[in-house]
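Asks: Before we start, here is the structure in question, set down as structure tokens.
Quick note: the coordinates plus some simple rules give every number you see, no bench work behind them. Since the structure is predicted, the reported quantities are computational estimates derived from the model, not experimental observations. Here the Cβ positions follow ideal geometry from the backbone for every residue, glycine too, while neighbour counts run over all protein chains shown.
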Amino acid sequence: MKKKIIVIDDHQIIRDGLNAIFKTNKHYEVIADFDNEEDLFNFLKTNTPDLILMDLHLNSANGLELTRRSKMEYPEVKVIMHTMSDNMYNIEEARKIGAEGYVLKSGGQKKLEDALNKVSAGEKHYQFN
């Protein structure tokens, strides 16, 4: 059974790219993608993904705050921060608020899949560079 992923990113090209990458993936599928917190939390009321790929900097919200809220309201859903920011403060904050992973967009598909595999297996994964 495929792991269900929600993507939240304010850049349509990122959401389109992740949808394309996972369209043929045997282990993961994107079940929804959003660019704002309202749509995300409305969806979560009736759907339970396995993972959320959460951008750090959104036009409408802070990804760390959305992660904090997600972990409080839906603790069974794993969150991986998917961002361009390699700032150690953000990485530590993500870890403190309960994000299971932190992966840089610049790492490409292989590093993202490595993070998804580790987090899906119950491990933590924080990419620093």
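Asks: Full-extension gain between residue 76 and residue 20, please, as 0.36 nm times their residue separation minus the C-alpha to C-alpha distance. Spell out each step's value before the answer.
Replies: Values: separation 56, 0.36 × 56 = 20.16 nm, distance 2.60 nm.
Additional length available on full extension: 17.6 nm.
Asks: Now, a different point. Amide H to amide H, which residues 5 or more places from residue 57 or on other chains are under 5 Å from it, using H placed in the peptide plane?
Replies: Sorted by chain and number, the residues that satisfy this are 63.
Asks: Then there's this: Given a 10 angstrom Cα cut-off, can you work out which residue in 100, 29, 76 is the most mobile in a GNM of the chain?
Replies: Among 100, 29, 76, the largest GNM mean-square fluctuation belongs to 76.
Asks: Compute the longest continuous run of the chain that contains no exposed trypsin sites (Lys or Arg not before Pro); treat a site as exposed when its DSSP state is not H, G, I, E or B and it has at most 16 other Cβ atoms within 10 Å.
Replies: Numbers: sites that count: 2, 26, 45, 124.
In the chain, the maximal stretch lacking such sites is 46-123.
Asks: Once Cα extents along the principal axes in Å is worked out from the coordinates, which option in [x] 34, 31, 29; [y] 38, 32, 29; [z] 53, 28, 24 does it equal?
Replies: [x]
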